[in-house]
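The values are calculated or read from the model by the stated rules, or taken from the named source; none is laboratory data. Please read these numbers as outputs of a predicted model, since none were measured by experiment. Quick reminder, even Gly has a Cβ in these numbers, built from the backbone with ideal geometry, and neighbours come from all protein chains shown.
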Amino acid sequence: MWHFRIMEQGIPERNPRETEFFRVTSPAEAVIREFIQNSLDAKASVKHQFSIKISFNRAGNELSQFLNDDLKQHLESCGFISMGVNPGYIPCLVLEDFGTTGLDGDFTPVSGSGNFYNFWWREGISEKRGGKAGRWGLGKTTFHLVSKIRTFWGLTVRETDGKALLMGKALLKNHTLNNQRYHYFGYFCDDNFMPLENGHVITQFKKTFGITRNDSEAGLSLVIPYPVDEIDFDCILKGVILHYYYPILASALKVEIQEDSMREEVNVNTLIQKASGINWDDTEWAGVNIREVLEFVKTSVYEQPVSLQISDRDNPAITEESFGGQLQILRENFRKGIKCKFNVPVTIKSKNMKQDSFFSVTLARFAELSRPFEGYIRDGILLPEVRILGNKPVAGMLVAEDQPVCEFLGDCETPAHTNWNERTEGFNEKYLNAARILRFIKGSLARIVSSLDEPPHERQVDFLKEIFSVPIAPGGIEGQVISQGTGVEKIKKKPSAFNIQSISGGFVVTLNPKNSNQIFPFDATLRVAYDTRRGNPFAKYRKFDFDLGSGAINITTAGCNLLGKGNNEIKVNVMGSNFRLEVLGFDPNRDLLVEIIES
């Protein structure tokens, strides 16, 4: 069932080089980006969630029906496999989508159009338009790239006619076999290069490779044999979260990953927890408080936007007037770390059409960020190479989901869909004022940040208070910075009933002997937070910083009864002047702010 074409006399030789476009990311990220991108394009309904299942399987039963000697001799000729090797089983990566339309359109090899034809028969050519993610027709070569034998199979069940169609494709190189020169490609198909519709063969295929799709579930299942060594369970999980956190948090997508007894489901309810448990040191998320930032992304989906006003759509610019008199309020909110969301209007003009569209920008200041967190999303796919914000401590999302602006941005994407490039072939010819509009869109997030981050013009008596002083807890109550790792001198904000002393990994609280008129017993409440450069540290406390009620924090007492402990609070009943409270277990490299007051 494998067919390779003999190279006709006078036909120039060509070896495929398209895979070079997809070496910008790891193999796991590349295959995840491509498969989920195609599934986004094929969603059966924009209103319903679709799902992806990724499985690491071992194929053995009736394997020779699919990886047969016809294929093996061509693989051996290209140096991909040895004919003498007959393994009992082979490892396979299985990718399946559900809630999509499958590969629809005419499936004859001479049709010249349609999703089925484009997927199997087009290389370097695409018919995708509108919000569709692929424009170059190169993405599917990723499925070859991540196979050690440059081969994969695909089974589609189509929503339009219910047909189940099976094909396979090998993308090798020009080679000689039995004194004949062969083209670089081969197909697993019927004798006339039609897809297989034989129910017995399809049933055996599903059984051999562990396909879970039933006969009535529309969608696409791909089998990639001998996946490259860089692809494993953890890399797939990281790739899913890193590149598709937005559609997952927007409840448009869920992903299941399975290998033997290991199983993870990444959905809107589990993504943040799973992401928080992963080491991101080798990624763009290194050093980011990812739980807090992904909570920002999740809530931004439902935030009500402010509509900006763009006076000149042919020469668009974001100015102070664009905010419609709300700029001062928005600036104050931004300084406080409050999320701000905007709808930005844009007019797309092609040679024959003018369309009003929009995209959204959501941002918030995160003083703890050592570098910005930026997400540029077009119709669910992340453009990871777009970076505009420099070193501003801001989390920002630019999301394009309206059809005209999605088509515009899709037409200027690079082959691997990692950037928007105004020099993309045909882009400037298709649209009027294309470069100016693209620069406006790409730069809008940074321009809005600049507008909101501008210091107020009036005199600010305490403008630098967070740099040149130690924070006081709200309401002027007593507090003290406990230096754990930076050598900051302990400073008492005002006379207190308590003394707070730093020790390694924590602090000790005792009574102030100068306060000799204290009446016993009395209750007191203690709060702790890691110090921050900006804002109220107590308001910025998060449970993943520490939990005073957990076993990781060691509390010893004298002269008091412990009434309660949890999160960043301890409540005590102080019985006498011998009161002593010792708390250990904090990060020794961070400064603590401690307050304790009578309650």
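Would you mind stating whether Arg527 is within 28 Å of Pro393 (Cβ to Cβ) and surrounded by fewer than 18 Cβ atoms within 10 Å (Cβ to Cβ)?
no
For region 52-105, which positions are among the polar types (S, T, N, Q) and free of Cβ contacts under 8 Å to residues at least 60 places away in the same chain?
Residues satisfying the conditions are Ser64, Ser82, Asn86.
Please specify each residue of region 1-25 satisfying the condition of being buried (at least 19 other Cβ atoms within 10 Å of the Cβ) and modelled with pLDDT of 75 or more.
Matches in region 1-25: Trp2, Phe4.
For region 259-271, indicate whether the set of residues that are of a type in the set (S, T, N, Q) and in contact (Cβ under 8 Å) with a residue 40 or more places away in the chain is non-empty.
No, region 259-271 contains no residue that is of a type in the set (S, T, N, Q) and in contact (Cβ under 8 Å) with a residue 40 or more places away in the chain.
Tell me the helices (runs of 4 or more DSSP H) entirely within region 217-330 that contain at least 1 residues that are farther than 26 Å from Gly102 by Cα, modelled with pLDDT under 95 and of a type in the set (A, V, I, L, M).
290-300
If you take the residues of region 165-213 that are outside any strand (DSSP E or B) and over 39 Å from the mean Cα position of the chain (by Cα), which of them is surrounded by the most Cβ atoms within 10 Å (Cβ to Cβ)?
This residue is Asp190.
I'd like to check something: does region 273-293 contain any residue that is on the phi > 0 side of the Ramachandran plot and either touching an Asp or Glu at 6+ places or on another chain (Cβ under 7 Å) or not aliphatic (A, V, I, L, M) (or both)?
Within region 273-293, one or more residues are on the phi > 0 side of the Ramachandran plot and either touching an Asp or Glu at 6+ places or on another chain (Cβ under 7 Å) or not aliphatic (A, V, I, L, M) (or both).
One line per residue, one yes/no per condition, for (1) of a type outside the set (Phe, Trp, Tyr); (2) in the same structural domain as Ile81 (by TED's automatic domain parsing); (3) over 30 Å from Thr347 (Cβ atoms):
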| site | (1), (2), (3) |
| --- | --- |
| Glu217 | yes, yes, yes |
| Lys238 | yes, yes, yes |
| Leu249 | yes, yes, no |
| Ala286 | yes, no, yes |
| Ser311 | yes, no, no |
| Gln326 | yes, no, no |
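Which pairs do you get when a residue that is of a type in the set (A, V, I, L, M), found in region 186-210, comes within reach of a residue that is in a loop (DSSP other than H, G, I, E, B), reach meaning Cβ atoms under 7 angstrom, with the pair 6+ apart or on two chains?
Met194/Thr108; Met194/Pro109; Leu196/Cys189; Leu196/Asp190
Would you tally the residues in region 504-513 being part of a loop (DSSP other than H, G, I, E, B) and either surrounded by 19 or more Cβ atoms within 10 Å (Cβ to Cβ) or at negative phi (or both)?
Number satisfying all stated conditions: 3.
What are the residues in region 123-163 that are of a type in the set (Asp, Glu) and modelled with pLDDT under 90, if any?
Selection gives Glu123, Glu127.
One line per residue, one yes/no per condition, for (1) assigned by TED's automatic domain parsing to the domain that holds Leu593; (2) among the polar types (S, T, N, Q); (3) part of a loop (DSSP other than H, G, I, E, B):
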{"site": "Ser502", "(1), (2), (3)": "yes, yes, no"}
{"site": "Asn515", "(1), (2), (3)": "yes, yes, yes"}
{"site": "Phe520", "(1), (2), (3)": "yes, no, yes"}
{"site": "Ala529", "(1), (2), (3)": "yes, no, no"}
{"site": "Phe544", "(1), (2), (3)": "yes, no, yes"}
{"site": "Asp547", "(1), (2), (3)": "yes, no, yes"}
{"site": "Ser550", "(1), (2), (3)": "yes, yes, yes"}
{"site": "Thr557", "(1), (2), (3)": "yes, yes, no"}
